[in-house]
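**Q** Quick one: structure below, then a few questions.
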Ligand code: NDP
Ligand code: ZN
């Protein structure tokens with residue numbers, strides 16, 4: 001049983017690494033993009049104490065459909081229906097305008113499944129830590145500020161899911177959202 005769990009996790013990490021191979025994060029080091037999904041999965045285990053295999057697999061795959069040529073059918077073929085559904089829940093509809101996508105993330109957060117909420121919490125925590133560490137090239141301070149305010153709204157609709165992750169999100173939001 002352990003063998004199949006290890007194999008399932010590595011299969012996802014490998015799939016995501018291949019799909020994100022030519023992508024970089026928006027930081028000055030141009031960090032390989034794969035650091036992000038691996039880091040999100042690591043936040044779930046190391047900080048959130050989440051060990052549910054479906055959640056960890058979905059975390060590793062969570063940006064493949066949104067940010068690469070990967071389709072949900074492809075995810076289902078390789079990893080099954082359960083993981084497809086979680087990945088689908090955390091994937092923005094790229095056909096919509098950006099502002100509408102951001103609005104819908106806030107709305108959809110509320111009614112997402114527990115497993116999708118876990119992935120979203122860890123994803124937001126990773127991205128907010130990235131933004132706190134360094135402003136992406138070309139971003140104005142206003143854009144960073146807007147991002148923290150929007151993330152606070154998303155996180156507000158993910159509550160009651162994981163105490164540790166929510167506490168750490170509250171702390172990073174508190175440090176970066178200044179009244180007035
Ligand atoms: P983007 O959605 O374009 O970028 C943020 C996303 O990039 C994160 O959610 C994360 O997503 C990924 N990412 C990659 N590297 C990093 C990193 N180092 N730090 C943080 N995130 C990283 O940003 P916005 O949400 O700001 O853009 C969308 C909105 O902003 C739109 O409404 C647009 O109209 C507006 N906009 C505003 C501008 C302004 O100056 N105010 C300028 C341009 C657009 P993932 O988890 O998927 O990797
Ligand atoms: Zn992400």
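Just so it is clear, none of the values below were taken in a lab; they were calculated from the coordinates. It should be emphasised that the depicted structure is a prediction, and the values quoted were computed from it without experimental measurement. Heads up, the Cβs are rebuilt from the backbone with ideal geometry, glycines too, and the neighbour counts pull from every protein chain shown.
**Q** Against the longest alpha carbon principal axis of the chain, how many degrees, from 0 to 90 and to the nearest 10, is the axis of helix 98-111 turned?
**A** Once rounded, one gets 70 degrees.
**Q** Relative to the longest principal axis of the C-alpha atoms of the chain, give the angle of the C-alpha long axis of helix 141-156, reported between 0 and 90° and rounded to the nearest 10°.
**A** Result, in degrees: 60.
**Q** While we're here: Take the eigenvalues of the Cα gyration tensor for region 60-139, scale each by 5, and report the square roots as semi-axes in whole Å, largest first.
**A** 22, 15, 14
**Q** Taking 7 Å along the Cα-to-C-beta vector as the label spot, tell me the residue 110-residue 149 distance in nanometres, rounded to one decimal.
**A** For the pair residue 110/residue 149, the computed spacing is 2.0 nm.
**Q** For residue 135 paired with residue 78, estimate the spin-label separation in nm (one decimal), with each label point 7 Å from Cα along the Cα-to-Cβ line.
**A** 3.7
**Q** With a cut-off of 8 Å between alpha carbons and a minimum separation of six or more residues, what is the relative contact order of the chain in percent?
**A** Numbers: 189 pairs, mean separation 38.7, N = 180.
This gives 21 percent for the chain.
**Q** How big is the chain along each principal axis, measuring the range of its Cα positions in Å and listing the largest first?
**A** Per principal axis, max minus min of the Cα coordinates gives 53, 35, 30 Å.
**Q** At q = 0.13, 0.17 Å⁻¹, what is the base-10 log of I(q)/I(0) for region 1-102 according to the Debye formula with one equal point scatterer per Cα and no solvent? Please give it to two decimals.
**A** One equal scatterer on each Cα of region 1-102 leads to -0.47, -0.80.
**Q** Ignoring solvent entirely, what values of log10 I(q)/I(0) come out of the Debye formula for region 29-76 at 0.13, 0.24, 0.27 Å⁻¹ when each Cα is a single scatterer?
**A** -0.33, -0.89, -0.99
**Q** Please give the contour-minus-distance gain from residue 99 to residue 159: 0.36 nm per residue of separation, less the Cα-Cα distance, rounded to one decimal in nm. Could the numbers behind the result be given before it?
**A** Working: separation 60, 0.36 × 60 = 21.60 nm, distance 2.29 nm.
Extra length from residue 99 to residue 159 when fully extended: 19.3 nm.
**Q** Rank the residues 87, 6 as a footprinting-exposure proxy: fewest other Cβ atoms within 10 Å of their Cβ go first.
**A** Details: 87 26, 6 10.
Starting with the residue having the fewest Cβ neighbours, the order is 6, 87.
**Q** In addition: If eta is 0.890 mPa s and T is 25 °C, what Stokes-Einstein diffusion coefficient results for region 50-96, Kirkwood Rh from Cα pairs, in µm²/s? If you can, show how the numbers build up before the last one.
**A** On the way: Rh = 10.6 Å.
This corresponds to a translational diffusion coefficient of 231 µm²/s.
**Q** I would also like to ask the following. For the chain, take the longest principal axis of its alpha carbons; what is the angle in degrees between that and the long axis of helix 114-133, to the nearest 10 within 0 to 90?
**A** Value to nearest ten degrees: 50.
**Q** Between residue 88 and residue 175, how high is the FRET efficiency from 1/(1 + (r/R0)^6) when r is the Cβ-Cβ distance and R₀ = 45 Å? Nearest 0.05.
**A** Numbers: r = 33 Å, r/R0 = 0.72.
It comes out at approximately 0.85.
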